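A.B. asks: The structure is given below, and queries will be raised subsequently.
The numbers here are math on the coordinates, done by the rules we state, and not lab data. Source: prediction; values computed, not measured. Every residue, glycine as well, gets a Cβ built from its backbone with ideal geometry; the counts of neighbours run over all protein chains shown.
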Amino acid sequence: MRNDPIYLLKPVFDWLDGLIHDQGDYLYMLLVYVSIPLVAWILAGGLRRRLPRQTNITAIILIRPTTPPPPLPPDIGGDYQPPSDDDVQSFDA
């Protein structure tokens, strides 16, 4: 006797193959109509764990700096003015 899972499950796969071949359209429609409420239930929180009733303790932690921040670096751009387009020649040859 063979204990290989492929040989043990072959009758099940053959039955499923025949079922899908004969009744595939109805199975598809059934799965479509079952999936809509299932997705709605999941989005509504159906998969969240139910925790026992506990009092929620909320703590707010404020961290305030004790020293002022360092000054900003000096502006190195100065009085830069981009060149005007009047003296720029086009790419014409």
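A.B. asks: Taking the simple approach of a point 7 Å from Cα along Cα-to-Cβ for both I42 and D4, what is their distance in nm?
C.D. replies: Once both label points are built, they end up 3.6 nm from each other.
A.B. asks: How much length would be gained if the chain were fully extended between L19 and I61, taking 0.36 nm per residue of separation minus their Cα-Cα distance, in nm to one decimal?
C.D. replies: 9.0 nm
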